[in-house]
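Input: a single structure, listed below in structure tokens.
The values are calculated or read from the model by the stated rules, or taken from the named source; none is laboratory data. On a predicted model such as this, the values are computed, not experimentally measured, just so you know. Cβ: placed from backbone, ideal geometry, glycine included. Neighbour counts: every protein chain shown. Surface accessibility is based on the protein's heavy atoms, side chains included, excluding ligands, DNA and RNA. Shrake-Rupley method; radii C 1.70, N 1.55, O 1.52, S 1.80 Å.
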Amino acid sequence: IKAQQDDGPDQEKDDLKRISGIGPKLEGLLNANGIFQFRQIAEWEDADIQAMDKLLPAFHGRIQREDWIGQARKLLDA
């Protein structure tokens, strides 16, 4: 997932649980896969969504169904 390449645990972490549909467990899984910031999610493209769906099989389809990208963009603009 290209959005995670220059980010890591040393970067400032956003509270990803502010995105509806992401709870503590999902936030932990996202962090384990290098996702720490709203900006990263806001920049996802179709290939990124597909890759993340494969990494989170128990939550397949939630990214689009719950519009994580749109929510992340709104949180960035807030």
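Please verify whether L55 is hydrophobic (A, V, I, L, M, F, W, C) and either in contact with a Phe, Trp or Tyr (Cβ under 9 Å, 6 or more places away or on another chain) or within 17 Å of K13 (Cβ to Cβ) (or both), treating the condition exactly as stated. Full working, then the answer.
On the way: hydrophobic (A, V, I, L, M, F, W, C): yes; either in contact with a Phe, Trp or Tyr (Cβ under 9 Å, 6 or more places away or on another chain) or within 17 Å of K13 (Cβ to Cβ) (or both): no.
In short, no.
Out of all the residues in the stretch 48-64, which are open to solvent by 60 Å² or more (accessible area, probe 1.4 Å) and touching a residue at least 12 places away in the same chain (Cβ under 8 Å)?
L55, Q64
I'd like to verify a number: residues in the stretch 65-78 that are without any contact (Cβ under 8 Å) to a residue 40 or more places away in the chain and outside any helix (DSSP H, G or I), how many?
2
Just to be sure, is L75 open to solvent by less than 50 Å² (accessible area, probe 1.4 Å) and modelled with pLDDT of 95 or more?
Yes, satisfied.
Within the stretch 9-29, which residues are surrounded by 15 or more Cβ atoms within 10 Å (Cβ to Cβ) and of a type outside the set (D, E, K, R)?
We begin by selecting, within the stretch 9-29, every residue surrounded by 15 or more Cβ atoms within 10 Å (Cβ to Cβ); these are 14, 16, 19, 22, 26-27, 29.
Listed by number, the residues that qualify are L16, I19, I22, L26, L29.
Return the residues of the stretch 30-47 that are charged (D, E, K, R) and either surrounded by 15 or more Cβ atoms within 10 Å (Cβ to Cβ) or outside any helix (DSSP H, G or I) (or both); say none if nothing qualifies.
Selection gives R39, E43, E45.
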